[in-house]
Amino acid sequence: MAKTTRIGVLASGGGSNLQAIIDSVEAGKIMAEMAVVISDKEDAFALERARKHGITAEYLDPKKGRRREDYDMTVLASLRRHKVDLVLLAGYMRLVTPVLIEAYPWKMMNIHPALLPAFPGLHVQKKAADYGVRFSGCTVHFVDGGMDTGPVIIQAVVPVLPDDDGDTLGARILKQEHRIYPEAVRLFTEGKLKVAGRKVIVKGSFAKDDACMINPPIKG
Ligand code: GRF
C-alpha cells in the first residue's frame, strides 16, 4: 500500500486555506495526515484551527535567528521531527530560503491570490482591481527559488466586476482558493503531479477538451 503523505503547513494568518485542507482530509477526499502546523506569528488563528482539530500546532519565534536561513533551519527541524513529506504554504508571510526549498524539491506548494505570472507579490487583489483587468483568480504552484515563480499546478479564474475593490475581489478569489488548494494536494498525494521543466504534468487528468475549460470541476 502507498505510504500516507504527511502534510506540514506554514501559515501566518487566519488559515482559511488550512481549514479547507483539514476539511478535505477529514472528509476522506485527500488520503493524508496533517502532521504539523507551524506559524511565525504567535497569535495566528491558523494555530487555533489546528489545535481544534487535534493537529500539532507550533509557534516558532522568527526573532531568535538572525538570518532568514537560521529561522528556516528551525522550521526544517520541526518538519523533519514530524516526518513531513509535503509542505504547504498557506498565507505564510515569509520568503522561504533554499534551506527549505532544497529539503523539499517539488514537495512544497504555495497558493497565490492572482493568475500568475500576473500580479506576483503582496496586496495583489487590490492591484488587480485597480489595474482594471477583467479577470483575476488564484494559482497553486510549486515553490522554487523566486517569489511566486514556481511551476503552476492549478489555476482558477474569477471575473473582476466594475465596482470591485481589493476586498470584494479578494473574497471571490478566496472561494476559489478553497477549491483548488485541496485539489492540488489530492493530485500530489495520488502521485499525479510531475514537473517537467516549467510545466506540471497532471497524469490521467484533464482530457484534451477539459484543458481549456475555465475552472474544470473538482473531482471527489
Ligand atoms: C490567501 O489569499 C492566500 O492566497 C494568500 O494569503 C491569503 C491567506 O488566507 N497567500 P488564509 O490565511 O488561508 O485565510
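The values are calculated or read from the model by the stated rules, or taken from the named source; none is laboratory data. This structure is a prediction, so every number in the text was calculated from the model and none was measured. Backbone-built Cβ (ideal geometry, glycine too); neighbour counts: all protein chains shown. Just the protein is used for accessible areas: all its heavy atoms, side chains included, with ligands, DNA and RNA removed. Shrake-Rupley method; radii C 1.70, N 1.55, O 1.52, S 1.80 Å.
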- Message: Take residues that are among the β-branched types (Val, Ile, Thr) and farther than 21 Å from ILE201 by Cβ and tell me which of the strands (runs of 3 or more DSSP E) falling wholly in segment 104-178 contain 1 or more.
- Response: 152-159
- Please specify each residue of segment 5-33 satisfying the condition of being aliphatic (A, V, I, L, M) and either more than 16 Å from the ligand (Cβ to nearest atom) or more than 14 Å from the chain's Cα centre (by Cα) (or both). VAL25, ALA27, ILE30, MET31, ALA32
- Taking segment 34-57, which residues are hydroxyl-bearing (Ser, Thr, Tyr) and more than 12 Å from the ligand (Cβ to nearest atom)? THR56
- Message: Looking at ASP40, ASP23, can you tell me which residue is closer than 21 Å to ARG186 by Cβ and not basic (Lys, Arg)?
- Response: ASP23
- Which residue pairs have Cβ atoms closer than 6 Å, lie 6 or more positions apart in sequence or on different chains, and pair a first residue in segment 147-171 that is within 21 Å of ARG94 (Cα to Cα) with a second residue that is of a type in the set (Phe, Trp, Tyr) and buried (at least 19 other Cβ atoms within 10 Å of the Cβ)? GLY150/PHE142; PRO151/PHE142
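Filter segment 126-169 down to residues that are aromatic (Phe, Trp, Tyr) and within 21 Å of TYR181 (Cβ to Cβ) and give me whichever is most open to solvent (accessible area, probe 1.4 Å).
PHE135
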- Task: Kindly state which helices (runs of 4 or more DSSP H) lie completely within segment 6-100 and contain at least 1 residues that are touching a Cys at 6+ places or on another chain (Cβ under 8 Å) and without any contact (Cβ under 8 Å) to a residue 40 or more places away in the chain.
- Result: none
